[in-house]
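The values are calculated or read from the model by the stated rules, or taken from the named source; none is laboratory data. This one's a predicted model, so the numbers in the text were calculated from it and none came from an experiment. Note that we place each Cβ from the backbone using ideal geometry, even for glycine, and neighbour counts take in every protein chain shown.
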Amino acid sequence: MPHDCSFLTEILPDAQVSFGDSDRDDHAADWAAEQKQTGVTPDAVVWPESTDDVSAVLAAANDRGVPVTPYAAGTSLEGNAVPEYEGISMDLTRMDEILDVRPDDFQIDVQPGVMGSAVDEAAASDGLFFPPLPSSGDISTIGGMIANDASGMQTVKYGEVADWVLELEVVLADGSVISAGSKAVKTSSGYNLKNLLIGSEGTLGVVTRATLELEGRPEQIRGGRAIFPTLDDATEAVFDAVRSGVDVAKIELVDDVSAMMANDYLDLDLPDTPMTFVEFHANHGIEEEIEFCRSIFEAHDVDQFEMADEESMDELWQARRELAFATRSWDPKQLPIHAGDVTVPISKLPDIIRYAKELGEEYDKTIPCFGHAGDGNVHYSVLVDYSDPEDVAEGEEVYGKVVERAIEMGGTCTGEHGVGRGKRQYLELEHGADSVEAMRAIKRAFDPKDTLNPGKVFPETADGERVRAKSDD
């Protein structure tokens with residue numbers, strides 16, 4: 001149902017508000033929704049340039065019952081930033097300032113629209129960097145990363161974004177502004193609102209400032225790849241390396257299908273065989289760690305283990321960084337049904353990948369598997385012909401079976417992409433109905449009118465009602 005958003009012109013300058021079809025259409029989809037040509041067009045788009053702007057828009061929208069969906073770079077994969085009930089799309093990309101760098105404290109203050117790569121650039125002159133950046137760090141914003149609790153290739157060593165956020169300034173649904181966390185590296189004061197807000201996908205509040213922790217750049221960085229005869233050999237080698245305590249910063253898996261797609265997309269000459277990409281960070285003793293990893297991989301019949309020189313590092317990782325685009329571009333008639341993002345305990349990594357491949361054979365589906373193998377995070381794509389309803393239905397079934405098996409193994413339906421609207425149906429399976437109801441209660445306490453990003457995270461109730469307070473039902 002469309003909403004009257006004309007009040008926005010009384011709050012923000014004309015240059016920060018648009019009712020135009022082009023701007024509204026641009027905010028009706030994220031990366032995944034564009035691929036499937038689905039999305040919900042907002043009634044208006046706003047570009048706040050300050051915390052006061054965000055507060056004023058939310059207060060007015062909340063009073064009028066108009067939904068507000070936070071939006072940034074549009075690189076999300078589960079419809080996290082796509083409006084579900086029209087209303088206002090709040091584009092935060094103009095809030096893109098690096099506010100302060102404090103190298104003595106290993107800290108940086110940023111606005112939410114700052115790109116991840118800009119954080120590293122701002123910290124580089126002091127010999128620092130932001131370790132948990134996801135693979136999409138150069139095209140996604142810090143606000144989006146915090147909203148999804150993103151992580152990336154270096155999670156196996158450095159952890160996820162939540163581990164590097166110290167303090168947040170957040171605007172709540174009614175326009176009130178709160179601070180969560182502290183600039184101290186630890187605190188036991190009060191409820192941990194900071195970690196509650198991280199990963200809430202804009203359903204509890206809008207981040208307008210973040211204090212991030214930084215790390216000193218390692219003096220030694222070496223990367224390479226290992227080629228294996230079978231996918232089982234590769235996955236078992238990864239599990240063994242992590243279990244044995246190899247100090248690796250990145251350990252990424254690429255199956256033979258993914259390698260073939262990367263070759264086609266990037267015109268590379270990778271062997272069409274399972275492989276792992278590894279990178280080591282250290283201030284001393286890096287060669288010993290490399291040899292430790294080599295010895296473990298050799299126990300799993302590695303065909304080739306080679307380390308790149310410094311000039312070849314970027315080329316080495318290009319294939320892994322571009323895999324999401326490679327799978328999308330490989331065949332116009334075979335597109336990913338969803339961007340799979342399950343994570344399992346590391347001991348179950350070989351099992352979940354083996355299961356996905358078995359389903360591919362059973363249903364005659366191409367299923368490339370790759371991902372952050374060191375922390376048990378598997379990205380998989382079930383490729384389908386969108387013009388064939390039966391093929392799409394089978395693809396959905398296969399995709400769901402992998403998610404359900406991951407949860408059965410003690411894992412999660414989403415390691416880093418978030419729930420959005422794409423994973424809502426798995427929330428109760430993973431957490432249980434009572435836990436989900438506890439989450440709903442938190443949502444109602446923070447946002448009783450369901451103003452912020454309605455229709456996300458939670459499965460709808462049987463009658464389709466939104467997560468509103470009882471008095472509003």
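Could you please find all residues in the range 125-145 being among the aromatic types (Phe, Trp, Tyr) and assigned to a loop (DSSP other than H, G, I, E, B)?
From the range 125-145, those among the aromatic types (Phe, Trp, Tyr) are 129-130; that's our starting set.
Phe130, the sole residue that qualifies.
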Within the range 404-434, which residues are closer than 29 Å to Ile142 by Cα and acidic (Asp, Glu)? Glu416, Glu428, Glu430
Might you let me know whether the range 402-412 holds any residue that is at pLDDT 95 or above and more than 14 Å from Thr343 (Cα to Cα)? no
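Can you tell which of Leu253, Leu214, Leu266 is touching a residue at least 12 places away in the same chain (Cβ under 8 Å) and in contact with a Gly (Cβ under 7 Å, 6 or more places away or on another chain)? Talk me through it step by step, then tell me what you get.
On the way: Leu214 fails: in contact with a Gly (Cβ under 7 Å, 6 or more places away or on another chain); Leu266 fails: in contact with a Gly (Cβ under 7 Å, 6 or more places away or on another chain).
Matching residue, one of Leu253, Leu214, Leu266: Leu253.
Out of everything in the range 211-241 that is charged (D, E, K, R) and more than 20 Å from Tyr355 (Cβ to Cβ), what residue ends up being surrounded by the most Cβ atoms within 10 Å (Cβ to Cβ)? Please lay out each step first, then the result.
Going residue by residue through the range 211-241, those that are charged (D, E, K, R) are 213, 215, 217, 219, 222, 225, 232-233, 236, 240.
Remaining after also requiring more than 20 Å from Tyr355 (Cβ to Cβ): 213, 215, 217, 219, 222, 225.
Numbers: Glu213: 19, Glu215: 16, Arg217: 16, Glu219: 11, Arg222: 20, Arg225: 22.
Per the criteria, the residue is Arg225.
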From Leu172, Leu166, grab the single residue that is hydrophobic (A, V, I, L, M, F, W, C) and more than 22 Å from the chain's Cα centre (by Cα). Leu172
Can you find, within the range 173-197, the residue that is farthest from Gly143 (Cα to Cα) among those that are in contact with a Gly (Cβ under 9 Å, 6 or more places away or on another chain) and modelled with pLDDT of 95 or more? Asn192
Any residue in the range 46-61 that is more than 15 Å from Leu452 (Cα to Cα), surrounded by fewer than 16 Cβ atoms within 10 Å (Cβ to Cβ) and among the small types (Gly, Ala, Ser)? yes
Those helices (runs of 4 or more DSSP H) completely within the range 280-388 that have 1 or more residues that are assigned by TED's automatic domain parsing to the domain that holds Leu231, surrounded by fewer than 23 Cβ atoms within 10 Å (Cβ to Cβ) and without any contact (Cβ under 8 Å) to a residue 24 or more places away in the chain are 286-298, 313-321, 349-363
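Among the residues of the range 404-413 satisfying the criterion of being surrounded by fewer than 23 Cβ atoms within 10 Å (Cβ to Cβ) and among the hydrophobic types (A, V, I, L, M, F, W, C), which is nearest to the chain's Cα centre (by Cα)?
Filtering the range 404-413 for residues surrounded by fewer than 23 Cβ atoms within 10 Å (Cβ to Cβ) gives 404-405, 407-412.
Now narrow it down to the ones that are among the hydrophobic types (A, V, I, L, M, F, W, C): 407, 409.
Working: Ile407: 18, Met409: 22 Å.
Residue satisfying both the conditions and the ranking: Ile407.
Residue by residue through the range 414-430, note down the ones that are over 20 Å from the mean Cα position of the chain (by Cα) and closer than 21 Å to Leu77 by Cβ. If you could, list the steps in order and put the result at the bottom.
Keep residues of the range 414-430 that are over 20 Å from the mean Cα position of the chain (by Cα), which gives 428-429.
Scanning the range 414-430 gives a single hit, Leu429.
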From the list Ala237, Ala226, Ala241, which one is out of contact with any Leu (no Cβ under 8 Å at 6 or more places or on another chain), in a strand (DSSP E or B) and farther than 28 Å from Lys186 by Cβ? Ala226
Taking Gly137 and the conditions (1) closer than 30 Å to Ser244 by Cα; (2) modelled with pLDDT of 95 or more, which numbered condition does it fall short on, given that it satisfies the others? (2)
Using beta carbons and a limit of 7 Å, which pairs, at least six apart or on different chains, have the first residue in the range 15-44 and among the hydroxyl-bearing types (Ser, Thr, Tyr) and surrounded by 14 or more Cβ atoms within 10 Å (Cβ to Cβ) and the second one part of a helix (DSSP H, G or I) and modelled with pLDDT of 95 or more? Thr41/Arg24
Can you list residue pairs whose Cβ atoms sit under 6 Å apart, with the first residue in the range 401-424 being within 21 Å of Gly360 (Cα to Cα) and the second being among the basic types (Lys, Arg)? Count only pairs 6 or more apart in sequence or on different chains. Met409/Lys348; Cys413/Lys423; Thr414/Lys423
Looking only at the range 197-210, and only at residues there that are part of a loop (DSSP other than H, G, I, E, B) and of a type in the set (A, V, I, L, M, F, W, C), the one that is surrounded by the most Cβ atoms within 10 Å (Cβ to Cβ): Ile198
When you look at Ser55, is it polar (S, T, N, Q), outside any helix (DSSP H, G or I) and at pLDDT 95 or above, yes or no? no
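Name the residues in the range 79-107 that are of a type in the set (Lys, Arg) and within 14 Å of Gly144 (Cα to Cα), would you?
Taking the range 79-107 and keeping what is of a type in the set (Lys, Arg), we get 94, 102.
Passing the criteria: only Arg94.
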Does the range 85-96 include one or more residues that are outside the structural domain of Ala282 (by TED's automatic domain parsing), among the hydroxyl-bearing types (Ser, Thr, Tyr) and at pLDDT below 95? yes
